[in-house]
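Trainee: Sharing a structure here in structure tokens format.
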Amino acid sequence: MAEVKFTRDHHLLTRNLKLNDNYISNDGDNEGISITDAGYVGLGVSDPDRPLEIFNTNAQLKLSYDSDSYLSISCLASSNSSITTGESGNLVM
């Protein structure tokens, strides 16, 4: 169980917070959501070097309007990239 220290305006976790089999971490262990001291957030990566870094071998980002209307962005092998839309949506740039 995570230990919590209370101060006037903040709650300080002294260990990783475990939610079922997922973790919120500041020390790089127990992959899940990691947050660096600089505030960078990593999903599936323990050492994010950008404000948001997502590691996954499938689609890394999906923005949804509903279950059928979405935009999916992926970084594939050899740094190839993919942007796809759901249904027969148009990608307008």
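Trainee: Taking every pair of Cα atoms in region 28-73, average 1/r, invert it to obtain the Kirkwood radius, and report Rg/Rh to two decimals.
Mentor: Looking at region 28-73, the ratio lands at 1.08.
Trainee: I want the local charge near T85. Using Cβ-Cβ distances under 12 Å, sum +1 for each Lys or Arg and -1 for each Asp or Glu among the other residues.
Mentor: -1
Trainee: Could you tell me which chymotrypsin sites (Phe, Trp or Tyr not before Pro) in region 54-93 are loop residues by DSSP with no more than 12 other beta carbons within 10 angstrom of their beta carbon?
Mentor: Values: sites: F55, Y65, Y70; in loops: F55, Y65.
The qualifying sites are Y65.
No lab work stands behind these numbers, since they all come straight from the coordinates. Keep in mind that what you see is a predicted model, and the values were worked out from it rather than measured. Heads up, the Cβs are rebuilt from the backbone with ideal geometry, glycines too, and the neighbour counts pull from every protein chain shown.
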